[in-house]
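Quick note: the coordinates plus some simple rules give every number you see, no bench work behind them. Worth saying up front: this structure is predicted, and the values here are computed from it rather than measured. Cβ sites come from the backbone with ideal geometry, for glycine too, and all protein chains shown count toward neighbours.
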Amino acid sequence: MSDKPTLPLEALSLSITQYVVCSKCADELAALLPPQSLQDYAAIDVGFTDYGIQVWCRRHKANIVHIDFQGAKMPADFRRLETS
Ligand SMILES: [Zn+2]
């Protein structure tokens, strides 16, 4: 990974356009009363692996997605932008 930032500063704000979700969590959540947000219900771990990056459902002990970088060195921006 490159240490040199490649993203514009505004990209460090919440920029997610499509959330990654565990389908089992989403199914369970649909039946929960009172309703709860998926963000509050989900318990996920995200981290780098020998292949790339993995999203893991802690609640179901299951892989959600494992992105294989296929050996490519991807630029990543770890600057922290504090929001209040
Ligand atoms: Zn789950």
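Contact map, the range 26-48: residues that are over 20 Å from Lys61 (Cα atoms) paired with residues that are within 13 Å of the ligand (Cβ to nearest atom), Cβ distance under 7 Å, separation 6+ or inter-chain. Pairs shown: Gln36/Leu29.
Of the residues screened, Leu29 is not one that is part of a loop (DSSP other than H, G, I, E, B) and not basic (Lys, Arg).
Restricting attention to the range 1-57 and to residues that are among the hydrophobic types (A, V, I, L, M, F, W, C) and surrounded by fewer than 10 Cβ atoms within 10 Å (Cβ to Cβ), the residue that is farthest from Met74 (Cα to Cα) turns out to be Leu33.
Quick check, is Pro75 more than 14 Å from the ligand (Cβ to nearest atom) and touching a residue at least 40 places away in the same chain (Cβ under 8 Å)?
Answer is yes for this residue.
Checking every residue in the range 59-68 against the condition of being of a type in the set (S, T, N, Q) and not in a strand (DSSP E or B) gives zero matches.
Among the residues of the range 24-69, those identified as among the aliphatic types (A, V, I, L, M), within 16 Å of the ligand (Cβ to nearest atom), under 16 Å from the mean Cα position of the chain (by Cα) and within 24 Å of Leu14 (Cβ to Cβ) are Ala26, Leu38, Ala42, Ala43, Ile44, Val46, Val55, Ile64, Val65.
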